[in-house]
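Scroll down for the structure; my scribbles are underneath it.
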Amino acid sequence: MHVMTLDYTFERRLEMQRAEAIEDGERIGKEIGKEIGKEEKLSEQIRKKIQKGKPLDQIADELEEVPETIRPLYEKIKQEMLQ
């Protein structure tokens, strides 16, 4: 009887660990997805403003971002637009 209880407890613990791991994975995936979505939205906004001929400082001001924060995206988008 004691062995059966230990087996059940062990299996139940493994089941709970798997469920927690799945929940953690889903949470992390959602966080990553949100960050990717934010970056894509910001990139699209920057692209539109570049097409209108706006400089980095003005774009940053309009998007309420620090120029140093969006500079990598700005440079990447400008480079892509030249190709």
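The values are calculated or read from the model by the stated rules, or taken from the named source; none is laboratory data. Given the structure is predicted, the values throughout are model-derived calculations rather than measurements. Don't worry about glycine lacking a Cβ; one is built from the backbone with ideal geometry, like all the others, and counts go over all protein chains shown. Just the protein is used for accessible areas: all its heavy atoms, side chains included, with ligands, DNA and RNA removed. Shrake-Rupley method; radii C 1.70, N 1.55, O 1.52, S 1.80 Å.
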Query raised in the report: Do you know which residues across region 17-50 are under 30 Å from D61 (Cβ atoms) and small (G, A, S)?
Result: G33, G37, S43
Requested in this report: Scan region 8-28 for residues that are among the acidic types (D, E) and modelled with pLDDT of 95 or more and jot them down.
Outcome: E20, E23, D24, E26
Query raised in the report: E80 versus (1) assigned to a helix (DSSP H, G or I); (2) at pLDDT 95 or above: which is the lone unmet condition?
Result: (2)
Report task. Restrict the check to region 47-66 and report whether at least one residue is open to solvent by 60 Å² or more (accessible area, probe 1.4 Å) and among the aliphatic types (A, V, I, L, M). Result -> yes
Report task. Exactly one condition in (1) at positive phi; (2) in contact with a Phe, Trp or Tyr (Cβ under 8 Å, 6 or more places away or on another chain) is not met by I50; state its number. Result -> (1)
